[in-house]
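Asks: The structure that follows is given in the form of structure tokens.
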Amino acid sequence: LLESDPALRARGVRHLLAAPLTVAGERLGALLLARSGALFSSADQDLLQAVISQTDSAIVHARTFRRLQWRNKELETIYRVDQIRDQGLEFNAMLNAVLNELCSVIEAEMGFIMLFDETGRNLELKASTSDDIYRVTEHYHIIKMAADEALHQARMVDKVDLSPLIRSLLCVPLILRDQVIGVFGAVNRHGAGGFNAEDKRLLMAIT
């Protein structure tokens, strides 16, 4: 139970009532009520506490439901990739089909798969959903640098605002039997903003 500061009082807000939102000990935020008239009563405080307890439960339920949704999405994508693999397609055709599936699930505008050549030293572009971007030396250089960084660090690399055309870029190492064999990349998420945390978790689980 607080008194508002001068800036809020100038807008007619005189009293504030706040309570924390926590789930399993994790602080998520607060619920704040403002009033221009009389003080909040003890009954108001009890009501807010009851609302907070219900809100906590609702957040837990929503989080659990969202995790289930993304787990289902992950399993469905893995199933579709397995179906592509089992079709007996020619290798490059299979790579392109898998690439299109991955780009679709994370809503990427473009994607690529680079694999090491027979020497195991040089990366080669093996599949791409858009050849045009790689024909521009500057763009290919940017993508290659990000791919090399992902391989060198053996982890996902997330880049933003690399050029007017490459607004966001994800690169994930591809590992087979504990050996890094190449990298998957996604360029530009559809719509505003870059790839979100759920996109990244999904890619790490699938690739």
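The values are calculated or read from the model by the stated rules, or taken from the named source; none is laboratory data. Note that the structure is predicted; figures quoted are calculated from it, not measured. Cβ placement follows ideal geometry from the backbone for every residue including glycine, while neighbour counts extend to all protein chains displayed. Ligands, DNA and RNA are excluded from the accessible area calculation, which covers all protein heavy atoms including side chains. Shrake-Rupley method; radii C 1.70, N 1.55, O 1.52, S 1.80 Å.
Asks: What's the total number of residues in region 155-179 that are assigned to a strand (DSSP E or B), open to solvent by 50 Å² or more (accessible area, probe 1.4 Å) and in contact with a strand residue (DSSP E or B) (Cβ under 6 Å, 6 or more places away or on another chain)?
Replies: 3
Asks: Sticking with this one: Keeping to region 180-200, report how many residues are open to solvent by 10 Å² or more (accessible area, probe 1.4 Å) and either basic (Lys, Arg) or outside any strand (DSSP E or B) (or both).
Replies: 11
Asks: Here's a follow-up. Could you please find all residues in region 82-120 being more than 21 Å from SER168 (Cα to Cα) and outside any helix (DSSP H, G or I)?
Replies: ASP86, GLN87, GLY88, LEU89, GLU90, LEU115, PHE116, ASP117, GLU118, THR119, GLY120
Asks: Let me ask you something else. Just give me the residues in region 80-106 being farther than 14 Å from THR129 by Cβ and free of Cβ contacts under 8 Å to residues at least 24 places away in the same chain, in sequence order.
Replies: ARG80, ASP82, GLN83, ILE84, ARG85, ASP86, GLN87, GLY88, LEU89, GLU90, PHE91, MET94, listed by residue number.
Asks: State yes or no: is ARG85 at pLDDT 85 or above, within 30 Å of ASN100 (Cβ to Cβ) and more than 25 Å from the chain's Cα centre (by Cα)?
Replies: In short, yes.
Asks: Take region 59-96 and flag every residue that is open to solvent by less than 60 Å² (accessible area, probe 1.4 Å) and either in contact with a His (Cβ under 6 Å, 6 or more places away or on another chain) or among the small types (Gly, Ala, Ser) (or both).
Replies: Within region 59-96, ALA62, ALA93 qualify.
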